[in-house]
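Structure first, commentary second.
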Amino acid sequence: MNDIVHAPFFPAAATFFVLFLVVCALELVFCFREMERPRKITKPFCVLLLALAFLFARPEAYLVYVGLFLGAIGDLLLVFKHKVWTFVGGTLAFLFGHICYCIAYLRLLPSIGIPVYAAVFVCFVLVPIAAFFALRKAIKTPGLFAGGIVYFSFIVLDFALSIVALCVVRNPILWLNVIGMSVFLVSDVYLVKTLFVKDDKRRDFYIMSTYLVAQCLLALGFVLIP
């Protein structure tokens, strides 16, 4: 059994995790029923509670709980996503959060070898080129388009590093991270689609349900890895 069960702060971590699940359930109910005001109130607290749970569970793994706190800040700013400065600020918060996750994966690896260099090449060269052809007609603002490409590249880099970590460390717990990053990609791609291509009914329910599952799986993967 993982040492986390015997950690002195485990009761606090478990309490915050239960609160996270409760607030997430409320958030998803509000999203599904399209209750905008209560949805906006509960949204920032979901990942904030998860970050606090992780902080007490693994206080030494600061990169991950800092990444989660940045995610909570991004959630707060994206409550007002139709304003340019809050949208840009929220995106930057998520970007730096993914950078924290990327560094956390690199610290799990015994050395930086060919697989990591290949992942970097795929993310920073091939992905932006592919995204350019996919999104050049949808995102017409040059600055927003360029920032989106950078952000999307780091998400894919995060996903690639989760796969590299799974292959190199060979711990099945890291499947949680791989699945979590896969769901994260789905959530963000759908968000881009609803913002720049076509909006959908109950879009916030689909975005938040996938996003919260992704953050939860990532946190659990990092908590449970020895």
| remark: Those residues of the stretch 5-30 that are open to solvent by 70 Å² or more (accessible area, probe 1.4 Å) and either hydrophobic (A, V, I, L, M, F, W, C) or not in a helix (DSSP H, G or I) (or both) come to a total of 9
| said: Could you check the stretch 186-202 and list, in sequence order, the residues that are open to solvent by less than 80 Å² (accessible area, probe 1.4 Å), in a helix (DSSP H, G or I) and touching a residue at least 12 places away in the same chain (Cβ under 8 Å)? | reply: 187, 188, 190, 191, 192, 194, 195, 196
| Near pairs, Cβ below 7 angstrom, 6+ apart or cross-chain, from the stretch 117-131 (within 17 Å of residue 162 (Cβ to Cβ) and among the aliphatic types (A, V, I, L, M)) to any residue that is part of a helix (DSSP H, G or I) and open to solvent by 50 Å² or more (accessible area, probe 1.4 Å) | 127/152
| query | So is residue 113 modelled with pLDDT of 75 or more, open to solvent by less than 40 Å² (accessible area, probe 1.4 Å) and not hydrophobic (A, V, I, L, M, F, W, C) or not? | reply | no
| message | Just to be sure I understand, how many residues within the stretch 56-89 are open to solvent by less than 50 Å² (accessible area, probe 1.4 Å), in a helix (DSSP H, G or I) and under 25 Å from residue 223 (Cα atoms)? | response | 11
| note | Just one listed residue, out of 216, 167, is surrounded by fewer than 16 Cβ atoms within 10 Å (Cβ to Cβ) and either part of a helix (DSSP H, G or I) or out of contact with any Cys (no Cβ under 9 Å at 6 or more places or on another chain) (or both), and it is 167
| task | Only residues in the stretch 70-96 that are closer than 18 Å to residue 150 by Cβ and without any contact (Cβ under 8 Å) to a residue 40 or more places away in the chain count as the first member; pair them with residues that are assigned to a helix (DSSP H, G or I) and of a type in the set (Val, Ile, Thr), Cβ under 6 angstrom, at least 6 apart or cross-chain, and list the lot. | result | 77/86; 93/73
| Does residue 210 satisfy the condition of being under 29 Å from residue 34 (Cβ atoms), surrounded by 19 or more Cβ atoms within 10 Å (Cβ to Cβ) and polar (S, T, N, Q)? | yes
| field | Residues that are open to solvent by 40 Å² or more (accessible area, probe 1.4 Å) and of a type outside the set (D, E, K, R), drawn from the stretch 31-51 | value | 32, 35, 41, 45, 48
| If residue 56 passes every condition in (1) in contact with a Ser or Thr (Cβ under 6 Å, 6 or more places away or on another chain); (2) under 24 Å from residue 11 (Cα atoms) but one, which one does it miss? | (1)
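The values are calculated or read from the model by the stated rules, or taken from the named source; none is laboratory data. Given the structure is predicted, the values throughout are model-derived calculations rather than measurements. All Cβ positions, even for glycine, are placed from backbone atoms using ideal geometry, and neighbour counts span all protein chains on display. Please note that ligands, DNA and RNA were not included when accessible areas were found on the heavy atoms of the full protein model with its side chains. Shrake-Rupley method; radii C 1.70, N 1.55, O 1.52, S 1.80 Å.
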